[in-house]
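Bear in mind that the values in this text are calculations on the coordinates, not laboratory data. Since we're looking at a predicted model, the values are computed, not measured. Here Cβ is always computed from backbone atoms with ideal geometry, including for glycine, and neighbour counts include all displayed protein chains.
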Amino acid sequence: MRRLLLVAVLAGLALGLDQGLRLVAAGQLASRAREAARDPESAEATISSFPFVGRLLVSGGVPRVRVRVTGAAAGPLRLAAVEVEGSGVRVDRPALLSGAVRLEGIERGSVTVELDGRAISEAVGVPVVVADGRMQVGTGALKADAGVEVDRDGSLVLRAAGRPGLRVPVVRTPLVPCAATSVSVRGDRVRLRCDLDALPAPLRR
């Protein structure tokens, strides 16, 4: 009985240490994202891996890393959110065990930029409402449904009947190193997305 109790205690301690190291590593990534963004409201990071240390020792990586920053700036544009995701993330094991997180590579990744109606309105100079997966431009009798697309340089372009295209440039930042290649409207946000073959430099260190 005592032996079983001892095994249970040791297993609990090992599990706590494992998850504690995972949270410390995620905290480092969130701190780097906060430093890389211009005056963000918040930054958080999650590392999806269980067990954390055991998987690292066997495979040298973790299945998924996600970093989300809200309220960051990209030039004059205030971004509702920036979300960076990487899957098949390779980690420098010796560095991690010494307390430093170094991400060496990914199998695939993406950056998603979210814009709300207020930021778009300020950028184009006319009222824009984004709600329930729809976008409308203008006010009163001049209000019209608008479609969205991305320009060659990754800028957001709004298309509404009776109006010329309204363009919203999205400046590249340390956390948004690529130009958007796709766009969608979900809920009250416009989401611009680009693919990555490496995580942004501030997160890799």
What nm distance separates the two modelled labels at Ser42 and Arg118, each placed 7 Å from Cα along Cα→Cβ? 1.5 nm
Amide H contacts of Ser182 (H built 1.01 Å from N, under 5 Å, at least 5 apart or other chain): Arg193
Proxy exposure order for Ser49, Ser98, Ser42, Ser110 (fewest C-beta within 10 Å first) is Ser98, Ser42, Ser110, Ser49
Quick one: grab the alpha carbon gyration tensor of segment 54-175, order the square roots of its eigenvalues as a ≥ b ≥ c, and give me rounded if a/c is under 1.5, else prolate or oblate depending on whether a/b is larger than b/c. prolate
Table column - 3J(HN,Hα) (Hz), segment 117-123, Karplus curve with 6.51, -1.76, 1.60, x for Gly and Pro: x, 5, 5, 5, 4, 5, 6
Quick check for me: using +1 on Lys/Arg Cβ and -1 on Asp/Glu Cβ, what's the dipole size of segment 2-204 about its Cα centre, in debye to the nearest 20? 400 debye
Near the amide H of Ala73, under 5 Å away, which other amide H atoms are found, from residues 5 or more places off or on another chain, if H is placed in the peptide plane? Arg38, Leu79
